[in-house]
1. For the condition in contact (Cβ under 8 Å) with a residue 40 or more places away in the chain and touching a helix residue (DSSP H, G or I) at 6+ places or on another chain (Cβ under 6 Å), what is the one hit in F40, F60, F49?
2. For the stretch 55-77, which residues satisfy the criterion of being in a helix (DSSP H, G or I), aliphatic (A, V, I, L, M) and more than 11 Å from the chain's Cα centre (by Cα)?
3. All but one of (1) at pLDDT below 90; (2) surrounded by 12 or more Cβ atoms within 10 Å (Cβ to Cβ) hold for F5, so report the exception by its number.
4. If you check F5 against the conditions, is it in a helix (DSSP H, G or I) and of a type in the set (A, V, I, L, M, F, W, C)?
5. Under 19 Å from R3 (Cβ atoms) and surrounded by fewer than 16 Cβ atoms within 10 Å (Cβ to Cβ) - does that describe any residue in the stretch 57-74?
6. Would you check if there is a residue in the stretch 6-20 being hydroxyl-bearing (S, T, Y) and touching a residue at least 40 places away in the same chain (Cβ under 8 Å)?
7. For the condition at pLDDT below 95, out of contact with any Gly (no Cβ under 6 Å at 6 or more places or on another chain) and within 22 Å of S14 (Cβ to Cβ), what is the one hit in R45, R71?
8. I need the full set of residues from the stretch 17-42 which are among the aromatic types (F, W, Y) and at pLDDT 95 or above, in order please.
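The values are calculated or read from the model by the stated rules, or taken from the named source; none is laboratory data. Because the structure is a prediction, the values reported are computed rather than measured. FYI the Cβ positions are ideal-geometry reconstructions off the backbone, even for glycines, and counts take in every protein chain you see.
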Amino acid sequence: MYRNFVQHYLNQLSPKKLSDLSKQYEIPISIRQAEQILQFIKEKRIDPFNKKDRLQTIRFIEDNIGAHEARSFESLILQLAKQYNLEHLL
């Protein structure tokens, strides 16, 4: 159930909303960078609960946005999973 919800949310997420969320979590990215990330996620059909897909996304962010943002993104995913008791899905 949670997996489906998160997948649906990611597929509906707009670049503006992702950019806004990134600022909220202190990993600011531009709308253009958000567009790049979302395009990558949709084209590759990334499953955020799949370790291989997460690492692929982190590498994409590192190569296209920056190493700091990639590390921050990785930490945030783990933090949110723990906060919402979803660690077992990672």
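1. Going through F40, F60, F49 in turn, the sole match is F49.
2. Result: A67, single match.
3. (2)
4. yes
5. no
6. No; the residues of the stretch 6-20 include none that is hydroxyl-bearing (S, T, Y) and touching a residue at least 40 places away in the same chain (Cβ under 8 Å).
7. The match here is R45.
8. Within the stretch 17-42, just F40 meets the criteria.
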